[in-house]
Amino acid sequence: MTLTRLALIRHLITFSELCKVTNAMLQSLATEEGIREVILLYHDFYASIDSQPEMIEPEPAHDIKFATHAKGAACGCDFESTLSPESLASNLGFKDGLPLPFNKYRHKGGLTPRDPKFQALFFANPSLFDLIALHWHQLAGLHAIVRKLFTAEPQPDHCRGILLADEVGLGKTYLLAAFIAFLVTLLNRKPTFPLPPIIGIHSVSTST
């Protein structure tokens, strides 16, 4: 692109009804010398395809191919797939299928339980509220996270991370909120209150 063409474009933009741009505004963006340097830089790097450096394919960091099972690894919720929603919720110690800190109902208009009108409105017009529930795949995912992160005995080399790779729109944020609520309930549990069955089996967390 030559400087003459740039000047023509400036002229068209300045008088276009679609854009309110003045010459002073354009001139404040860059000087003629700066524009010339950018054009020369463009020609140096992109004017010729033949001048492009040869792309080198990176070598794989490991010999495990994508989407293949690694030996000894548990890559999903195979165990959870055999359990019903009721069994998953029961193992997690959930009441009515939800973590203890969770609200049981959600106002369709976005009203929160902290609002003074929430409770009165709930009894006056229940149709404005939806029952909150975790889907089976969310319960299964949460159950798998807890099962993989907690061990019966301390294991310093045990995996402390989880990759949650559900598709967009399946409720990953809500699942993780349920996990946080699960941990909060566990930490604030009274000594006389029974542990969730899944923690009774895996009683020590390696992530703390």
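The values are calculated or read from the model by the stated rules, or taken from the named source; none is laboratory data. Predicted model, so just to flag it, every value in this text is computed and none were measured. Virtual Cβ from ideal backbone geometry, glycine too; neighbours counted across all protein chains shown.
Checking the range 182-194 against the condition returns a match, with at least one residue being among the polar types (S, T, N, Q) and under 21 Å from GLY97 (Cα atoms).
Are any of the residues in the range 175-198 at pLDDT 85 or above, surrounded by 15 or more Cβ atoms within 10 Å (Cβ to Cβ), among the aromatic types (Phe, Trp, Tyr) and under 23 Å from the mean Cα position of the chain (by Cα)? Checking the range 175-198: at least one residue is at pLDDT 85 or above, surrounded by 15 or more Cβ atoms within 10 Å (Cβ to Cβ), among the aromatic types (Phe, Trp, Tyr) and under 23 Å from the mean Cα position of the chain (by Cα).
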